[in-house]
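*Asks:* One structure is given below, represented as structure tokens, and several questions about it will come after.
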Amino acid sequence: MEKKLSTESYKGTRDFYPEDMAIQRYIFETWAKTAELFGFERYDASILEPSELYKSKGAENEEMVREQTYTFIDRGDREVTLRPEMTPTVARMVAGKRRDLNFPVRWYSIPNLFRYERPQRGRLREHWQLNCDMFGVDDISADVEMIALAYNVLKAFGAKDSDFEIRINDRSWLNGIFGDFGLNQDQSKQMLTLLDRKEKITNFDEEAEKICGKPFILDLEEPENGSRLYDVCKGLQEIGIIKNLKVSASTVRGFNYYTSTVFEIFDTSPTNNRSLMGGGRYDNLTGLFGGDPISGMGFGLGDVTMRDFLETHNLLDGKVSITAPTLMVLPIDASQNIEAEKIAMAFRNAHIRTAVDLSDKKIGKKISHADEVGTSYILVVGADETVSQIFTLKTLATKSETKGTISELIASLT
Ligand code: HAM
């Protein structure tokens with residue numbers, strides 16, 4: 001006999017059974033609503049991209065491209081990659097329509113992304129991300145607005161300021177400090193990569209000394225008055241984001257395209273130590289496609305860590321339910337199934353969510369099942385009703401009944 005197939009989903013991916021799908025929908029709808037509240041427009045693209053999009057200098061995140069992409073050769077000999085992030089795609093799209101677009105462009109998307117990572121809490125091989133990006137504004141106000149949007153997304157789920165922390169930094173500020181310390185460009189780049197891994201490794205000092213050729217003393221004080229980072233923090237404070245904002249020298253982000261402000265949001269609960277979202281300013285990414293660069297500023301917020309965050313802080317309680325039909329039509333037995341379908345069609349045409357119980361359960365069981373799944377009304381179809389064309393609509397909560405023809409009953413509901 002042939003080996004039985006596994007019912008497990010592919011490693012590191014999730015099946016969304018209806019209970020999970022209800023949570024996912026709630027998360028996506030809250031994301032979309034908040035992005036639109038800030039005037040963002042939705043876009044999307046294919047999950048397939050030519051691999052070269054991720055290999056070009058500047059776009060590159062070496063670890064991700066080398067070790068984490070799903071890449072294959074298609075039947076036409078093209079090298080193709082399942083998108084591991086959305087930023088190169090949106091930069092491509094903005095660059096492609098640069099002449100027609102009205103800047104500033106504010107766009108959001110909820111793509112699924114693929115990374116060949118070791119699956120663990122907060123990290124999977126397929127995840128979804130809310131991506132919000134603004135293009136065409138160099139001023140710090142874009143940085144302030146994007147961080148405010150990220151903050152508001154979490155607040156929209158009912159999160160308190162004490163539930164999360166926004167860590168902010170500026171790569172150009174760090175590069176200045178590295179320059180003052182006598183590091184060349186290549187050493188500075190290596191130091192950024194090392195800083196990004198600081199929390200994950202134990203021999204930071206040793207590694208830093210190897211790069212710098214001398215002991216590296218991380219003496220990063222608060223940004224001075226007049227620096228970009230100082231102004232961004234001040235702007236955020238002026239619009240009311242004060243309590244959970246923290247300048248963090250080791251927040252540098254893993255992508256080389258970031259040029260200035262970078263930020264990450266962390267759950268303050270130690271059970272979720274992976275970042276909820278990350279983003280920053282990238283001033284040269286559209287330059288890859290020719291023409292003058294258009295500056296971008298944005299972030300990605302993942303659904304895996306988002307759900308962990310909501311569960312940890314009990315923010316899903318009472319918010320999520322599977323959509324039940326408003327009405328269940330219950331045939332007494334199989335001989336009434338088609339009549340029941342006919343009746344259901346009439347209710348659906350009147351935009352009433354209606355399902356037919358086609359199981360071979362006894363009628364009493366059908367009624368209790370309709371109640372269990374949260375249906376509001378039931379309508380039993382037996383031979384007598386089929387002949388007389390007079391039916392009884394029962395409200396499950398109150399047990400009250402209305403008798404009439406189908407059109408009378410529809411009228412009673414609409
Ligand atoms: P990222 O830091 O790679 O940034 O991802 C952003 C967020 O997506 C993370 O904070 C995390 O919540 C989630 N995430 C990333 N990888 C995984 C994974 N393997 N499993 C589950 N969740 C994950 C970016 O992707 C940038 N492109 C974001 C951006 C947009 N920057 C500017 N605009």
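*Asks:* Can you pull out the trypsin sites (Lys or Arg not before Pro) in segment 15-77 whose DSSP state is coil and whose Cβ has at most 14 other Cβ atoms within 10 Å?
*Replies:* Details: sites: R25, K33, R42, K55, K57, R66, R75; in loops: K57, R75.
Of the trypsin sites (Lys or Arg not before Pro), the ones in loops of segment 15-77 whose Cβ has at most 14 other Cβ atoms within 10 Å are K57, R75.
*Asks:* For every helix of n ≥ 4 consecutive DSSP H residues, a contribution of -39,500 (n - 2.57) applies; sum these over the chain, divide by its total residues, and give [θ] at 222 nm rounded to the nearest 500 deg cm²/dmol. Please list the in-between numbers first.
*Replies:* Details: 13 runs with 140 residues, N = 414.
That comes out to -10000 deg cm²/dmol.
*Asks:* Could you tell me how far the Cα centroid of segment 268-343 sits from the Cα centroid of segment 101-169, in Å?
*Replies:* Here the two parts' Cα centres lie 13 Å apart.
*Asks:* Further question on the same structure: Calculate, for segment 32-83, the solvent-accessible area per residue in square angstrom, rolling a 1.4 angstrom probe over the heavy atoms of the protein chains.
*Replies:* Details: 3340 Å² over 52 residues.
About 64 Å² of surface per residue is accessible.
*Asks:* Related question: Give the lysines reachable from K246 as a straight Cα distance under 25 Å; neighbours fewer than 8 places away on the same chain don't count.
*Replies:* Here the lysines satisfying the reach criterion relative to K246 are K155, K160, K189, K198, K200, K234.
*Asks:* Positive end of the charge dipole of segment 235-306 (Lys, Arg +1 and Asp, Glu -1 on Cβ, about the Cα centre): tell me which of G235, S269, L288 has its Cα farthest that way.
*Replies:* Going by the Cα projections, it comes out as S269.
*Asks:* Now for a different question. For the chain, what is the convex hull volume of its Cα atoms per residue in Å³?
*Replies:* On the way: hull volume 94.9 nm³, N = 414.
For the chain, the hull spanned by Cα atoms encloses 229 Å³ per residue.
*Asks:* Taking a ≥ b ≥ c as the square roots of the eigenvalues of the Cα gyration tensor of segment 327-413, is the shape rounded (a/c under 1.5), prolate (a/b larger than b/c) or oblate? Please report the intermediate quantities before stating the final value.
*Replies:* Working: a/c = 1.36, a/b = 1.06, b/c = 1.28.
Rounded is the answer for segment 327-413, as its axis ratio a/c remains below 1.5.
*Asks:* Same structure, new question: Output the peptides 145-156, 384-395, 340-351, 244-255 sorted from most to least packed, where packing is the average of other Cβ atoms within 10 Å over each peptide's residues.
*Replies:* Numbers: 145-156: 21.4, 384-395: 14.4, 340-351: 16.8, 244-255: 18.7.
So the order, starting with the most tightly packed, is 145-156, 244-255, 340-351, 384-395.
*Asks:* Counting pairs on different chains as well as pairs 8 or more places apart, how many Lys pairs in segment 311-414 have Cα atoms under 29 Å apart?
*Replies:* The result is 24.
*Asks:* Can you compute the charge dipole magnitude of the chain about its Cα centre, using +1 on each Lys and Arg Cβ and -1 on each Asp and Glu Cβ, nothing else charged? Give it in debye, rounded to the nearest 20. Provide the component values of the computation, followed by the final result.
*Replies:* Working: 52 positive and 64 negative charges, 173 e Å.
About 840 debye.
*Asks:* Given the options P223, P50, P270, which has the most mean-square fluctuation in a GNM of the chain, springs set between C-alpha atoms less than 10 angstrom apart?
*Replies:* P270
*Asks:* For Cα pairs less than 8 Å apart in space and 6+ apart in sequence, what is the mean separation divided by the residue count of the chain, i.e. the relative contact order in percent?
*Replies:* 15 percent
The values are calculated or read from the model by the stated rules, or taken from the named source; none is laboratory data. Note that the structure is predicted; figures quoted are calculated from it, not measured. Counting neighbours? That spans all protein chains shown, and the Cβs are built from the backbone with ideal geometry, glycine included. What goes into the accessible areas is simple: the full protein's heavy atoms, side chains included, and nothing from ligands, DNA or RNA. Shrake-Rupley method; radii C 1.70, N 1.55, O 1.52, S 1.80 Å.
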